[in-house]
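Please read the structure below before turning to the comments.
What follows draws every value from the coordinates through simple rules; no lab data is involved. Bear in mind the structure is a predicted one, so any value in this text is a computation, not a measurement. Reconstructed Cβ throughout: ideal geometry from the backbone, glycine too, with neighbour counts over all protein chains shown.
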Amino acid sequence: MPVSLRDAVVWHPTMLPPSGLPERFLDATPSGIGNAAIRAVVDRYLAAFWREASAGIAPAFFGKPGEWKTYGAAVIVRYALSQRLPVAFVECGPWFLRADALFYAVEGPRMLDDLARAPFVVLDDVTQVQPSTRAAELMANVLAVRFGAQRPTLVTGNAPMRAAEDLRRFGELYRADFARRLRHGSTGYWAAV
């Protein structure tokens, strides 16, 4: 039986583990989001945060660089942290390259397991990970475990995702089940900018 997301809340903010949120986003606020589509999704998600996150739902933001996708994700991270919910913010390119490099060491599987079990995760810029590599496989596997356990995973990426054809092409690059889980894990909170 899955553990309730509310059971992951810590009793005091000082007990929160480091989130990994980059320093440049530590002051991110909804009013600072410079893209109306991202802002609308963030506002709707925060209004229903516990209901949606408890169901394993989190937004997905895709589109061109510079469209406030990561900033919108940071606003949600800050909200989750204000609720005393542990969050792991992962810059996918370097993080999954490191996990791949440490794959046969003790640390690699531990990193992947910790990420798969984290209460709330942001996979920032999944498109930094080279398609058809073990790092991409590891990323897809983490998302699969999280999706199966109904753990919310917010995903951003610099790729077009306006049509079903875009999602199909993404699935060809990163695995069809990865693309499906992205779509279903963000039901109602998808922004393609």
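For residue 140, what is the net charge nearby, where nearby means another residue's Cβ is under 9 Å from its Cβ and Lys, Arg count +1, Asp, Glu -1? For residues surrounding residue 140, the net value is 0.
Highest GNM mean-square fluctuation among 152, 59, 160, for the chain modelled with Cα contacts below 10 Å: 160.
What is the stretch 4-110's relative contact order, in percent, from Cα pairs under 8 angstrom and six or more apart in sequence?
Result for the stretch 4-110 is 39 percent.
Below 8 Å, C-alpha to C-alpha, sequence gap of six or more: please give me the relative contact order for the stretch 29-90 in percent. Could the numbers behind the result be given before it?
Working: 39 pairs, mean separation 23.0, N = 62.
Contact order relative to length: 37 percent.
Taking 8 Å as the Cα distance limit and 6 or more residues as the minimum spacing, I'd like the relative contact order of the chain as a percentage. Result for the chain is 30 percent.
Annotation for residue 36 and residue 102: the two label points, set 7 Å from Cα along the Cα-Cβ direction, are 4.4 nm apart. When the chain is treated as a GNM with alpha-carbon contacts under 10 Å, the residue of 103, 89, 147 showing the greatest mean-square fluctuation is 103.
Distance between the 7 Å Cα→Cβ label points at residue 84 and residue 176: 4.6 nm. Can you give me the Cα centroid spacing of the stretch 144-193 and the stretch 53-110 in angstrom? Their Cα centres are 14 Å away from one another. Dividing the helix sum by the residues of the chain, where each DSSP H run of 4 or more adds -39500 (n - 2.57), gives a mean residue ellipticity at 222 nm of -14000 deg cm²/dmol.
Is the stretch 40-98 best put as rounded, prolate or oblate by its Cα gyration tensor, with a ≥ b ≥ c the root eigenvalues, rounded for a/c under 1.5, and otherwise prolate when a/b is larger than b/c, oblate when not?
Judged from the Cα gyration tensor, the stretch 40-98 comes out oblate (a/c at least 1.5, b/c at or above a/b).
Which of the three applies to the stretch 90-150, rounded, prolate or oblate, going by the alpha-carbon gyration tensor with a ≥ b ≥ c and a/c under 1.5 meaning rounded? Taking the square roots of the gyration eigenvalues as a ≥ b ≥ c, the stretch 90-150 is oblate. Using a cut-off of under 13 Å, list every residue of the stretch 58-94 whose amide N is near the label point 7 Å from the Cα of residue 114 along the Cα-to-beta-carbon line. Only 87-90 fall inside the zone, counting backbone N under 13 Å. A Gaussian network model of the chain, with springs between Cα atoms under 10 Å, assigns the largest mean-square fluctuation among 171, 66, 157 to 66. Under 5 Å between amide hydrogens, built in the peptide plane, is the criterion, and for residue 89 it picks out 20, 21, 122 among residues at least 5 positions away or on other chains.
Quick check: from the Cα gyration tensor, does the stretch 49-137 come out rounded (a/c under 1.5), prolate or oblate?
oblate
Backbone phi angles across the stretch 42-47, fed through the Karplus curve with coefficients 6.51, -1.76 and 1.60 (θ = phi - 60°), yield HN-Hα couplings of 4, 4, 5, 5, 5, 5 Hz in residue order; Gly and Pro are listed as x.
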